[in-house]
1. Mind telling me which of the residues Ala619, Ala627 ends up being in a helix (DSSP H, G or I), over 18 Å from Leu554 (Cβ atoms), modelled with pLDDT of 90 or more and of a type in the set (A, V, I, L, M, F, W, C)?
2. Name every residue in segment 67-85 that is of a type in the set (A, V, I, L, M, F, W, C) and either within 14 Å of Pro104 (Cβ to Cβ) or surrounded by 14 or more Cβ atoms within 10 Å (Cβ to Cβ) (or both), in order of residue number.
3. For segment 19-94, give me every one of the strands (runs of 3 or more DSSP E) that falls completely inside it and has 1 or more residues that are touching a Lys or Arg at 6+ places or on another chain (Cβ under 6 Å) and at pLDDT below 90.
4. Given the conditions (1) surrounded by 15 or more Cβ atoms within 10 Å (Cβ to Cβ); (2) in a loop (DSSP other than H, G, I, E, B); (3) at pLDDT below 90, and given that Ala324 satisfies all but one, which numbered condition is not satisfied?
5. I'm trying to understand the selection: among the residues of segment 535-575, which are in contact with a helix residue (DSSP H, G or I) (Cβ under 6 Å, 6 or more places away or on another chain) and at pLDDT below 90?
6. Please go through segment 11-33 and give me each residue that is surrounded by 21 or more Cβ atoms within 10 Å (Cβ to Cβ), within 20 Å of Gly158 (Cα to Cα) and among the hydrophobic types (A, V, I, L, M, F, W, C), ordered by number.
7. From the list Arg175, Arg179, Arg190, pick out the single residue that is among the basic types (Lys, Arg) and in contact (Cβ under 8 Å) with a residue 12 or more places away in the chain.
8. In segment 186-203, what residues are at pLDDT 80 or above and not aliphatic (A, V, I, L, M)?
Amino acid sequence: MSPEYPFDDAATARAVVDDDGTLVEWNAGAQRLLGWSAAEVVGHPAERLLADARAGRAVTPGDNRLHGTLTLRHRDGGAVSVWVLAHRVRPDGAGPGHWLVVTPLDEDGPPSPDDPLESVGLLQSPCAIAIYDERLRLRRINDVMADVLGLSEERVRGLRAPELSGRPQSTDIERHLLRVLTTGRDQDVRAYIPIGGDRMYAWLARMAPVTDEKGRVRGVTVAAHDFTEQYLARERLQIVNEASVRIGTTLDVTRTAQELADVCVPALADFVSVDLLDPPEHGGEPAAGRLTAPISMRRAAHRSIDEGTPETVVKPGHVDVYPASSPQADSLLVGHTIVASTSTGDLAEWLSWDQGRGERIKEQGIHTTMSVPIQARGTTLGVAVLTRFRNPEPYTPDDVLLAEEVTARAAVCIDNARRYSRERETALALQRSLLPRSLPRTAALEGASRYLPAARSGVGGDWFDVIPLSGMRVAMVVGDVVGHGIQASATMGRLRTAVRTLADIDLAPDELLTHLDDLVVRLSAEAGGEGSPGEVGATCLYAVYDPVTRRCTLARAGHPSPVMLPPGGTPQQVELPAGPPLGLGGLPFESAELELREGTVLGFYTDGLIESRERDVDAGHALLCEALSAYSGSLDETCDRILHTLLPAGGAADDVALLLARTQGLPASRVATWDIPADPALVAPIRKQVVEQLAAWEVSEVSFTAELVVSELVTNAIRYGAHPIRLRLIHDAATLICEASDGSHTAPHLRRAKTWDEGGRGLLLVAQLTQRWGSRHTADGKTIWAEIGLLDEA
């Protein structure tokens, strides 16, 4: 022995026996006690050392500490009566282990009256007192410590701290004792160690050196105070604080339920399951009124202290039915927590009903369950079941209060997530109902589109549209309303309807955005209540493509410019005048005109596609152009490639609208144009030329209708219009379009002529003979157009 290592292993008889009853360790003290050497007994059954073999068969699986007097066989053939203390030791806290069997060997004789360890006057303290000698072997304990240990001083005198409890924590305590012994300085230690069983006790110990009259350290005294209740109260508060931080990090119902299970394991339970009631329909409210058994619930989450959750019989997402005899159903029916255990027989009826669950409970050794209803805002959402099998302690009233507090916090988060999911589904349904289900098929372009709601904030006000116009032209629009949710979706629907209405009167892109800006200002005034703009904001990009001239006119209001991929070229951003966002009022918009080769791909998008926290806008544009450059002929595949390249796997932070359009041109052979002098006598020759052109196009079946329509349009242009006058015919596969243009800005109006009127019936006749007709203003005047359906005439 030395001051650095004052331990004498031979001062205690110590042996280790595995669960099979085989001796695996035998120290020098055990040899001194019984005479057997380690080589003679290690590897052999410990039962051979008992004078009476029946004395070693009274151990039950639940015992973790045993003590008593045994009669053992000495090597010389005699019998030795020995008091022994045995601890079950599990290195990993569970599963198989071994028994540590010890007994002190008192070879020092009676203590000397002058021994400073015998004169310590602390033994009358109300604290638990223990005194260790220079070898760190227990010399004295007071009555309070004896009550704590459940053993008398005579029995444990001479044991070291690890031998006294058999717990790994005792090794740390002995390390602190050695530090006090060698340094001579006091030390305060907090220890969490089970004493006399499996229940964990919290101790606050003051370790101080014991000195003789010469100041030499002769031992260490330990004054321990049990602050288990304060420790448990602090642990409960810590669990509540942890629940407030860890539960409700998202607005996802399943994730929130899983967070509840994660917080409770292992702090409150060894296994937790969270089952939720299914709403009547997806996103609806839970069923109102009193619940009746049996109750069907869907497993939302579970968590076990063991890997693989071997306790569960229901997989997440599956529905299970709980009868009236089950703790789950009973707790929901009565509306409060129910604790059931096998010891009281509360689980017997349920286990007899569900054989599979009963077998699983017996396999895992589950002894106690606590069913806590999940309720929020007067609505029952489900139940959380907390189960113990490794922790031997039953649930206490404090455990019930703690579980109810944590579950109540989780219930509010689950209800918030449920309400958010319902609102998100409603907004998404509204959004998708307002967006075009499919893009129209036109001769001007081929299109493909995608819309993705935001991963976290839900749907917003992004939209897109393709609108057929007169003269085979087509309008493309992409917009973004500020905000998210139902309000943004509703505003988007109003703006989309307004754009379609303004497009029907063939406004130029800059004029259309001006009218749309006025509308947003009025919507802002309505939303603000005081007429102040800014309550509603939006951006928009509007483009009109003419397949006859192959020219595209674009204007934008605070919206990102489109990208363009010419045939055989590289993607590039279209340079457009930067107009202000909609809703500012009074600011002008400018348009730009491009000449596009047939097969050019235009990409329209909202800012959610290119903006993210991980990159700036320039990097987003570069990625967009890179993805578009891989265009292989399929617009749908290109849309998917763009979204996969630019958006993260978990979804975008903002909703995204994407529209791709590939332009198509109309051959010159399908268009016929005549410049007409302002002479009514020339109407008849023009009709003849029209008939000849129709014959060349092999659509003579509409000649009669076309003659009447052309005659009326040209006559009105000559009579009421201004020079120059032009007639244009456009032949599509299913439509013949007749257009008469003149330099006057006065638009015609359809009216019903009275019986005695000599005129006024021409446009009425045109409206009845054609599919549709209308007028549009141009920079040089106006154009009156009419469409004749070729398939209908055929």
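The values are calculated or read from the model by the stated rules, or taken from the named source; none is laboratory data. Values in this document were obtained by computation on a predicted structure and should not be read as measured data. Note that we place each Cβ from the backbone using ideal geometry, even for glycine, and neighbour counts take in every protein chain shown.
1. So the residue among Ala619, Ala627 that is in a helix (DSSP H, G or I), over 18 Å from Leu554 (Cβ atoms), modelled with pLDDT of 90 or more and of a type in the set (A, V, I, L, M, F, W, C) is Ala627.
2. If the condition is that a residue be of a type in the set (A, V, I, L, M, F, W, C) and either within 14 Å of Pro104 (Cβ to Cβ) or surrounded by 14 or more Cβ atoms within 10 Å (Cβ to Cβ) (or both), then Leu70, Leu72, Val80, Val82, Trp83, Val84, Leu85 are the ones that fit.
3. Result: 79-89.
4. Unmet condition: (1).
5. Scanning segment 535-575 gives Glu535, Val536.
6. Across segment 11-33, the qualifying residues are Ala11, Ala13, Ala15, Trp26, Ala30.
7. Criteria check complete, one pass: Arg190.
8. Asp186, Gln187, Asp188, Arg190, Trp203
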